[in-house]
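First the structure, in the form of structure tokens, and then the observations on it.
The values are calculated or read from the model by the stated rules, or taken from the named source; none is laboratory data. Just so you know, these numbers come straight off a predicted model, no measurement behind them. Positions of Cβ are backbone-derived with ideal geometry, glycine not excepted, and every protein chain shown enters the neighbour counts. Please note that ligands, DNA and RNA were not included when accessible areas were found on the heavy atoms of the full protein model with its side chains. Shrake-Rupley method; radii C 1.70, N 1.55, O 1.52, S 1.80 Å.
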Amino acid sequence: MHELGITRNIVAIVGEAAQGRRVYRITLEIGKLSGIMSEAIAFCFEAVARGTAVDGAVLDIREVEGRARCTACGIELATATLLTPCGCGCRTLVRLQGEELKIKSMEIEEAA
């Protein structure tokens, strides 16, 4: 489960950016084509955050739909997988979005 390592990295990055201040909320964007299971990140978060500046923070995960462009006809389409063919029958799609893993925002304690 690579999500455990990813969650550790998220907590470390946010903790470093918070510079010792308490973190109240973290908003992530995870693309549906990324291969990262949002549910696994949410499951690991509490245990990984324990004892850090992120401990007790709310984790808000927003899933980003997959979008691709067909190389044959140029149409853009929503897709849950890049194995789904375009309506024209072409199976060669260029990813436009859906592979993201972003720390979109975080709410932290005001500086003293």
Quiz item: Residue by residue through region 31-39, which ³J(HN,Hα) values in whole Hz follow from phi under the Karplus form 6.51 cos²θ - 1.76 cosθ + 1.60 (θ = phi - 60°), with glycine and proline marked x?
Solution: x, 5, 9, 6, x, 9, 8, 4, 5
Quiz item: Can you tell me the Rg and Dmax of region 9-112, counting just the alpha carbons, in angstroms?
Solution: 17.8, 60
Exercise. In whole Hz, with x marking every Gly and Pro, tabulate ³J(HN,Hα) for region 14-25 from phi via Karplus 6.51 cos²θ - 1.76 cosθ + 1.60, θ = phi - 60°.
Key: 5, x, 5, 5, 6, 6, x, 7, 6, 9, 9, 8
Quiz item: What residues have an amide H closer than 5 Å to that of residue 25, excluding those fewer than 5 places away on the same chain, when H is modeled at 1.01 Å from N in the peptide plane?
Solution: 58, 107
Quiz prompt | Loop trypsin sites (Lys or Arg not before Pro), region 1-105, which have at most 15 other Cβ atoms in a 10 Å radius of their Cβ (DSSP) | solution = 21, 22, 50, 91
Quiz prompt | Dipole moment magnitude, nearest 20 debye, region 22-107 about Cα centre, only Lys, Arg, Asp, Glu C-beta charged | solution = 220
Self-check item: Bridge type composition, the chain - antiparallel percent by DSSP, nearest 5
Solution: 65
Exercise. Kindly give the semi-axes, whole Å and largest first, of the ellipsoid equivalent to region 1-41, taking each as the square root of 5 times a Cα gyration tensor eigenvalue.
Key: 22, 11, 8
Self-check item: Among 77, 64, 40 the positive-end extreme of the charge dipole of the chain (Cβ point charges)
Solution: 77
Practice problem: Identify which of 98, 15, 87 has the largest mean-square fluctuation in a Gaussian network model of the chain, with springs joining Cα atoms closer than 10 Å. | Solution: 87
Exercise. Please report, as a whole percent, how much of the solvent-accessible surface of the chain comes from carbon and sulfur atoms (probe radius 1.4 Å).
Key: 51
Quiz item: Rounded to the nearest whole Å², what accessible area per residue is found for the chain with the 1.4 Å probe?
Solution: 61
Quiz item: Can you work out ³J(HN,Hα) from phi for every residue in region 78-87, in order, using Karplus 6.51 cos²θ - 1.76 cosθ + 1.60 and θ = phi - 60°, giving whole Hz and x for Gly and Pro?
Solution: 6, 8, 8, 8, 7, 8, 6, x, 5, x
Quiz item: How high is the relative contact order of the chain, in percent, counting Cα pairs under 8 Å that sit 6 or more residues apart?
Solution: 35
Quiz item: Given the rule -39500 (n - 2.57) for each run of at least 4 DSSP H residues, summed and divided by the residues of the chain, what is its mean residue ellipticity at 222 nm, to the nearest 500 deg cm²/dmol?
Solution: -8000 deg cm²/dmol
